[in-house]
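The values are calculated or read from the model by the stated rules, or taken from the named source; none is laboratory data. What you see is a predicted model; the values in this text were computed from it and never measured. Heads up, the Cβs are rebuilt from the backbone with ideal geometry, glycines too, and the neighbour counts pull from every protein chain shown.
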Amino acid sequence: MATVRLERITRQFQNVTAVEDITFEVPGGEFWVLVGPSGCGKSTILRTIAGLERATSGHLYIGETCIDGVPARQRDVAMVFQNYALYPHMTVKENLSFGLRMRRTDPKTICERIDRAATALDIAHLLDRKPKQLSGGQQQRVALGRAIVRQPRAFLLDEPLSNLDAQLREETRAQLKELHQQLRITTIYVTHDQVEAMTLADRIVILDGGRIQQIGTPLELYDRPVNRMVATFLGSPPTNLFYATYDGVQFDLEGQKLPAFPLDDSSTNALQSFQQAGRGIEFGIRPEDVELADTERGQIQVEVSIVEPLGRETLVRAAIPSRSAKTPPILNFLTSPAVRLTPGERVWVRFPSDRLLAFDPQTGKVIENFGSKTPPLRLSSGQAF
C-alpha cells in the first residue's frame, strides 16, 4: 500500500495551464476521487501520475520514491481507461494474463492471480469467452481484473463507468467499492459524476479551472463547503442560491423579510462590512433542508411552478415573487409524497438557520460559522442502531 504524493504539480500546454500548483497526498490503501466539471484538469492529473503526461513543474512521489521522469512502464501503477481496451482476438483469460506474460511471470503465479481476480469480480465463468461475447459491465470488470492481477502499487481509474447504462453503473460501482474494501490498494479515481464521487471516495478532491477548491471526506464537503462552487457542485438537485440584503437586523429577500437568528461575532462583522459597502450576501440552502410551514412559522412565500413525483419524495420547483427581476428566482425543495401541491399554489417555506450557508457574492467564499450549523445524524458502515 503505497502513498501517492503530488507537490506543486503544474502542467502547461503552450499558453494554456491545464493544472496549477496541485498538492495532495493519498495515504496508502485509501480511495480518493478527483471530481469537477469538464476541463477542470482531473484527467491531466491522473495521466501525469501514470506517466502519460509530464509535469511542467513540481514533483511526484510513489512511496518515498520520486518518479519525476520515470517512464510509465516503470512506475508500477495500473490504469483503467474509459474505453475497455481489451484485445478482441483474445479470450478473457488471455486478456487478464497478457501483462504478466509480457513480464515473464511464472505461469503458476499467473494462474493463481487470475483465479483470485476472476472470483472477486464474478467473471470466473467467462474466462473462455472473447470480449464481443460480453456485456459492457462484464468487459469493464475484465479491464479491472487485468489491472488487479498486476498487483500494482496504485490503481488509476479514468471514468471507468461512464460507458455503462444507469443500472449497470450502479451495480459495477457497488462491486468496485466492495473490491477496494477487500484489496485496500491505493486508488485514484477520476469522474465528473458527483454520485460516484460521494459513494466511492474516502476523500474527494474537487477541482475547478485547474486548481483545487477543497479536499475532504464526502460528508465534510457536503456539509461544510468552502465556497459557492463546491456547494453547488455536490448534491442533486443542487444547492439553492439567492441574493439578500442585510439592514443590521434582518435580511430582505425580494421584499420578504427573513427573521433574525443568532450569529457569531465573525459572521456579524462580515455582514456589517457588506452592509457598510452597500452589498448584500448570497444565501445557499440544499433542497432537502427547506421546510414547508404554515403562515405563522413561514419565512418566505413562494409560488409552485412544477411538481415532480420521484416515488419516495417529491421535487417541487417554486418561484420566489420578485419586485425587480424579470425572471423570478427559483427555489427547489423536497417534500413527502403525502404532500399534495399543485402548480400556481402559494405556500410558505422556512430555512433552518443551522442549515443555511452564506457566501460573499464577489469572491464566492463561504462566510464561516454562519448560523449554529448543527451537523445532521450520520451513520457509518457497520454501526449498529
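Condition check ((1) at pLDDT 95 or above; (2) under 17 Å from Ala147 (Cα atoms); (3) within 29 Å of the chain's Cα centre (by Cα)) across all residues:
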site: Val4; (1), (2), (3): yes, no, yes
site: Val26; (1), (2), (3): yes, no, yes
site: Gly36; (1), (2), (3): no, no, yes
site: Gly58; (1), (2), (3): yes, no, yes
site: Tyr61; (1), (2), (3): yes, no, yes
site: Leu86; (1), (2), (3): no, yes, yes
Which residue is nearest to Gln299 (Cα to Cα), if the candidates are limited to the stretch 329-372 and must be surrounded by 15 or more Cβ atoms within 10 Å (Cβ to Cβ) and either at pLDDT below 75 or small (Gly, Ala, Ser) (or both)? Ser353
His89 is checked against (1) part of a loop (DSSP other than H, G, I, E, B); (2) surrounded by 17 or more Cβ atoms within 10 Å (Cβ to Cβ); (3) not β-branched (Val, Ile, Thr) and fails just one. What number does that condition carry? (2)
Screening Asp223, Asp264 for residues that are surrounded by fewer than 18 Cβ atoms within 10 Å (Cβ to Cβ), over 25 Å from Ala117 (Cα atoms), of a type in the set (Asp, Glu) and in the same structural domain as Ala143 (by TED's automatic domain parsing) leaves only Asp223
Residues of the stretch 54-68 that turn out to be surrounded by fewer than 19 Cβ atoms within 10 Å (Cβ to Cβ) and outside any strand (DSSP E or B), as a count: 5
Expected single match for within 25 Å of Glu178 (Cβ to Cβ) and in contact (Cβ under 8 Å) with a residue 24 or more places away in the chain among Gly36, Gly58, Gly41, Gly29 is Gly29
Do the conditions hold for Arg47, that is, is it modelled with pLDDT under 90, charged (D, E, K, R) and not in a loop (DSSP other than H, G, I, E, B)? no
Hey, does the stretch 280-293 have a residue that's over 16 Å from Leu241 (Cα atoms), free of Cβ contacts under 8 Å to residues at least 40 places away in the same chain and either surrounded by fewer than 19 Cβ atoms within 10 Å (Cβ to Cβ) or not β-branched (Val, Ile, Thr) (or both)? no
Look through the stretch 159-174, keep the residues that are outside any helix (DSSP H, G or I) and charged (D, E, K, R), and return whichever of them is modelled with the lowest pLDDT. Asp165
Going through the stretch 220-275 in order, the residues found to be more than 30 Å from Leu315 (Cα to Cα) and either β-branched (Val, Ile, Thr) or touching a Pro at 6+ places or on another chain (Cβ under 6 Å) (or both) are Val249, Thr268
State all residues of the stretch 63-75 that are charged (D, E, K, R) and at pLDDT 90 or above; if no residue qualifies, say none. Glu64, Asp68, Arg75
For the stretch 3-43 the number of residues that are touching a Lys or Arg at 6+ places or on another chain (Cβ under 6 Å) and β-branched (Val, Ile, Thr) is 2
Inside the stretch 270-294, can you point out the residues that are among the acidic types (Asp, Glu) and closer than 20 Å to Asp223 by Cβ? Glu282, Glu288, Asp289, Glu291
Within the group Phe13, Phe24, which residue is exposed (fewer than 14 other Cβ atoms within 10 Å of the Cβ), in the same structural domain as Asp202 (by TED's automatic domain parsing), within 23 Å of Gln213 (Cβ to Cβ) and out of contact with any Asp or Glu (no Cβ under 8 Å at 6 or more places or on another chain)? Phe13
State whether one or more residues within the stretch 301-318 are under 25 Å from Thr363 (Cβ atoms) and either touching a Phe, Trp or Tyr at 6+ places or on another chain (Cβ under 6 Å) or surrounded by 14 or more Cβ atoms within 10 Å (Cβ to Cβ) (or both). no
Of (1) surrounded by fewer than 16 Cβ atoms within 10 Å (Cβ to Cβ); (2) of a type in the set (A, V, I, L, M, F, W, C); (3) within 23 Å of Leu168 (Cβ to Cβ), Ala78 satisfies all except one. Which? (1)
Any pair with Cβ under 9 angstrom, 6 or more apart, that starts in the stretch 175-193 at a residue that is in the same structural domain as Phe81 (by TED's automatic domain parsing) and assigned to a strand (DSSP E or B) and ends at one that is surrounded by 17 or more Cβ atoms within 10 Å (Cβ to Cβ) and of a type in the set (Lys, Arg): Thr186/Arg153; Val190/Lys42; Thr191/Lys42
Any chance Gln82 is in the same structural domain as Arg11 (by TED's automatic domain parsing) and over 20 Å from the mean Cα position of the chain (by Cα): no
Does the stretch 219-235 contain at least one residue that is in a strand (DSSP E or B), among the hydrophobic types (A, V, I, L, M, F, W, C) and under 30 Å from Arg8 (Cβ atoms)? no
